[in-house]
Amino acid sequence: MKPVFQALGVLLALYVIYALANGTVYAKHRWSYKAFRRDEAPGTYWPIIVIYAGLSLALYFVF
């Protein structure tokens, strides 16, 4: 089962890299999903990036 979690961790890391390059990250917002842009909402964008990056590392190394 570990290779599955490692693959998910790699995919999530690729998404984080894409979101950093693009400047837009999608995350759950209340009952739906919302796009958060780096230039419009940096106070929300960066914590989401940090959480996704941490989850990626945890999926790859812990699970």
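The values are calculated or read from the model by the stated rules, or taken from the named source; none is laboratory data. Just so we're clear, the structure is a prediction, and the values are computed from it rather than from any experiment. Every residue, glycine as well, gets a Cβ built from its backbone with ideal geometry; the counts of neighbours run over all protein chains shown. With ligands, DNA and RNA removed, areas are computed over all heavy atoms of the protein, side chains included. Shrake-Rupley method; radii C 1.70, N 1.55, O 1.52, S 1.80 Å.
Leaving ligands, DNA and RNA out of it, report the carbon-plus-sulfur percent of the accessible area of the chain at a 1.4 Å probe.
Solvent-exposed carbon and sulfur of the chain make up 71 percent of the total.
Before I look further, what does the chain give for accessible area per residue, probe 1.4 Å, in whole square angstrom?
72
How far is helix 2-22 tilted, in degrees, relative to the longest principal axis of the Cα atoms in the chain, given as a value from 0 to 90 rounded to the nearest 10?
The angle comes out near 20 degrees.
For Tyr45, what charge total do you get from the other residues with a beta carbon under 12 Å from its beta carbon, if Lys and Arg give +1 and Asp and Glu give -1?
+1
Helix 42-61: angle to the longest alpha-carbon principal axis of the chain, degrees 0 to 90, nearest 10?
0
At 0.36 nm per residue, minus the direct Cα-Cα distance, what do Trp31 and Val62 gain on full extension? Give it in nm, one decimal, please.
Fully extending the segment from Trp31 to Val62 adds 8.2 nm.
Give, as a single signed number, the net charge of other residues whose beta carbon lies under 11 Å from the beta carbon of Tyr26, with Lys and Arg counted +1 and Asp and Glu -1.
Here the charged neighbours net out to +3.
Considering only protein heavy atoms, with the full assembly of protein chains and a 1.4 angstrom probe, order Arg37, Arg30 by accessible area, largest first.
My answer, sorted largest first, is Arg30, Arg37.
Using a 1.4 Å probe and ignoring any ligands, DNA or RNA, find the accessible area of Tyr26 and quote it in Å² to the nearest 10.
Rounded to the nearest 10, the figure is 130 Å².
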